[in-house]
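Some notes on the structure that comes next.
The values are calculated or read from the model by the stated rules, or taken from the named source; none is laboratory data. A quick note: this is a predicted structure, and the numbers were derived from the prediction, not measured. Heads up, the Cβs are rebuilt from the backbone with ideal geometry, glycines too, and the neighbour counts pull from every protein chain shown.
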Amino acid sequence: MTEVSRRCKKSFMRTPPSRFQSLQIFALIMVWSLALMAKAEQPLKVDESIAKPIQLNEDDLWFTIPRKGKNVQEALDSVHIKLDKGDWVFPPIDTPLSAVDQIIFSPQRSVEIKVGNDKPISLTTYGMTVGELLTRAKIALSPIDQINFDIRRRVTNGDKVVITRVSEETVIEEEESNPPIKVKSDPTMLLGDEKVEEPGKPEITKITVRIHSENGEETSRKVIKREQVQKAETRIVRRGTKVIVVGTENGRASWYGTVAGTAAHRTLPFGTRLRVINTLTGTSTIVKVADRGPYIDGRIVDLCKEAFKALAPLSTGTIPVKVEILQ
């Protein structure tokens with residue numbers, strides 16, 4: 001401390017400050033205090049390139065992720081996004097993070113599309129809805145086609161889109177029923193002969209039907225309208241009742257699988273008409289000879305199943321009969 005300073009200090013200590021000096025000191029203290037307060041209120045300067053979060057767009061959905069790592073790859077790793085071959089990222093994964101505010105990411109999807117009965121087709125795509133995927137594949141849907149996903153749904157990896165081709169058509173069909181038959185006995189005609197006197201007409205109904213088909217196969221039909229377009233008319237048939245027996249035989253009859261209305265006989269000419277009578281019940285049937293047999297002793301005629309059933313149950317096997325040979 002110099003001699004001058006010692007004198008000043010000594011003088012200051014000896015002489016109390018004047019009122020004016022006190023005001024000056026107070027003013028200096030206030031200025032200093034305000035300066036400290038203003039400095040305290042100033043925010044700390046932070047490197048925005050490090051603190052500012054990154055906006056991540058994944059298939060048009062926005063997320064905020066922390067700014068961690070040196071480049072885009074490390075930022076995605078920090079939020080557990082693992083990139084597979086074919087995934088699309090912008091900017092490139094080696095871009096420094098200090099130059100990035102937004103990352104656009106779209107993973108690649110493998111999708112299968114099956115249309116109707118066609119073979120499935122496989123496609124790879126990025127962030128698309130099902131509708132956009134079908135547009136890309138040039139697949140058009142009709143208003144009534146069926147699809148297993150909502151077309152607004154976003155495609156996910158491994159999706160199997162199934163389209164059922166649906167068609168509906170209205171057709172007109174005709175339903176025909178046999179006409180009623182009226183039989184007239186004619187004693188002037190030989191037994192077994194018939195003659196149509198009036199052919200009659202069937203009843204015809206026009207039916208309007210709506211047919212629902214899926215992938216080309218009819219699944220349901222609904223009758224919309226029925227309309228009779230022709231009334232039935234009775235068919236009149238004359239049947240002969242005249243019997244001229246030119247010979248008879250007695251024995252047993254059996255049966256076998258052959259043409260309805262026919263029978264087998266050992267010797268009678270083909271076309272010969274026979275009236276076969278069950279001697280136990282009196283029931284009878286008429287057949288024509290069309291085959292040879294039977295070759296078992298005691299059996300004289302082998303009938304078709306239909307003729308045998310008219311005389312007795314098939315389980316009977318054989319029955320006693322009288323065979324009348326008709327003219």
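Tabulated data for the structure shown
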{"item": "Among residues of the range 266-310, those that are of a type in the set (D, E) and in contact (Cβ under 8 Å) with a residue 60 or more places away in the chain, counted", "result": "0"}
{"item": "Those residues of the range 55-95 which are under 36 Å from the mean Cα position of the chain (by Cα) and among the aliphatic types (A, V, I, L, M), in sequence order", "result": "L61, L83"}
{"item": "Verdict on N215 being surrounded by 14 or more Cβ atoms within 10 Å (Cβ to Cβ), more than 30 Å from V323 (Cβ to Cβ) and not aromatic (F, W, Y)", "result": "yes"}
{"item": "Candidate set: the range 279-304, residues that are among the aliphatic types (A, V, I, L, M) and under 60 Å from the mean Cα position of the chain (by Cα); chosen: the one farthest from V323 (Cα to Cα)", "result": "A290"}
{"item": "Test for N148: is it exposed (fewer than 12 other Cβ atoms within 10 Å of the Cβ), at pLDDT 90 or above, closer than 30 Å to E217 by Cα and not basic (K, R)", "result": "no"}
{"item": "Close pairs (7 angstrom Cβ cut-off, 6 or more residues apart or separate chains): closer than 15 Å to T125 by Cα and in the same structural domain as Y126 (by TED's automatic domain parsing) in the range 148-159, surrounded by 10 or more Cβ atoms within 10 Å (Cβ to Cβ) and basic (K, R) anywhere", "result": "V155/R109; T156/R109; N157/R109"}
{"item": "Counted residues, the range 69-90 - those being in contact with a strand residue (DSSP E or B) (Cβ under 9 Å, 6 or more places away or on another chain), part of a helix (DSSP H, G or I) and of a type in the set (D, E, K, R)", "result": "0"}
{"item": "Among residues of the range 72-113, those that are of a type in the set (K, R) and under 16 Å from T124 (Cβ atoms), counted", "result": "2"}
{"item": "Output for the range 248-307, where each listed residue is on the phi > 0 side of the Ramachandran plot and touching a His at 6+ places or on another chain (Cβ under 9 Å)", "result": "G293"}
{"item": "Count of residues meeting criterion [among the basic types (K, R) and loosely packed, with under 11 Cβ neighbours inside 10 Å] in the range 58-88", "result": "2"}
{"item": "Spans of strands (runs of 3 or more DSSP E) in the range 238-319 with at least 1 residues at pLDDT 95 or above and surrounded by fewer than 13 Cβ atoms within 10 Å (Cβ to Cβ)", "result": "245-256"}
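Per-residue answers, yes or no, for (1) at negative phi; (2) in a loop (DSSP other than H, G, I, E, B):
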site: D150; (1), (2): yes, yes
site: G158; (1), (2): no, yes
site: I172; (1), (2): yes, no
site: E176; (1), (2): yes, no
site: S185; (1), (2): yes, no
site: M189; (1), (2): yes, no
site: G192; (1), (2): no, yes
site: E197; (1), (2): yes, no
site: I204; (1), (2): yes, no
